Amino acid sequence: MKYWLVKTEPETYGWQDLASKEEDVWDGVRNFQARNYLNNMLVGDAVYIYHSGKKKEIVGIAQVVSGPFPDPTDKEGKGWLSASIKADRLLPRPVGLKEIKEHDVLQEMLLVRQSRLSVMPLTKTEFEAVLKIAQG
């Protein structure tokens, strides 16, 4: 199993939007590095959902239910990709970006080092550290 973090603007599409559906297509990724990461997603992988709005925080865990396929919003056929994910569970409490930056294990996380990426891999250690923070 691999671990991922995807970002979304909660005012446009947030955790509640994903949780209200059985599954949904994660589309609209328009960064080459983020697309390349998305291309490595496999069914069963765990995905943190990160709200990148006013409150920058990880709010929930989703699961990849369909590996990469052509992005249906790519009307120009430029090779952009999507994956289908489904909500798994809301974290016991959100984990804010400030907490992540201050945590020893998480300071090298791509979220801290390359904050503009909308899709990024996590190590198992990073994934577990975030979960431990959320569980208090």
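Within segment 103-116, the only residue that satisfies the criterion of being under 30 Å from Ser20 (Cβ atoms) and exposed (fewer than 13 other Cβ atoms within 10 Å of the Cβ) is Arg116.
Residue check: Gln63 meets all listed conditions (1) over 21 Å from Leu110 (Cβ atoms); (2) touching an Asp or Glu at 6+ places or on another chain (Cβ under 9 Å) but one, namely (1). The residues of segment 81-102 that are closer than 24 Å to Arg113 by Cβ, among the hydrophobic types (A, V, I, L, M, F, W, C) and surrounded by fewer than 21 Cβ atoms within 10 Å (Cβ to Cβ), listed by number, are Leu91, Leu97.
For segment 23-34, indicate whether the set of residues that are among the β-branched types (Val, Ile, Thr) and in contact with a Lys or Arg (Cβ under 7 Å, 6 or more places away or on another chain) is non-empty.
yes
Among the residues examined, Val29 qualifies as crowded, with 21+ Cβ neighbours inside 10 Å, hydrophobic (A, V, I, L, M, F, W, C), assigned to a loop (DSSP other than H, G, I, E, B) and in contact with a Leu (Cβ under 9 Å, 6 or more places away or on another chain).
For beta carbons closer than 6 Å, sequence separation of 6+ or different chains, a first residue in segment 106-121 that is assigned to a strand (DSSP E or B) and a second that is of a type in the set (Gly, Ala, Ser), the qualifying pairs are Val119/Ala34.
Throughout, read-outs are computed from the coordinates displayed, never taken from laboratory work. No experiment lies behind these values; they were computed from the predicted model shown. Virtual Cβ from ideal backbone geometry, glycine too; neighbours counted across all protein chains shown.
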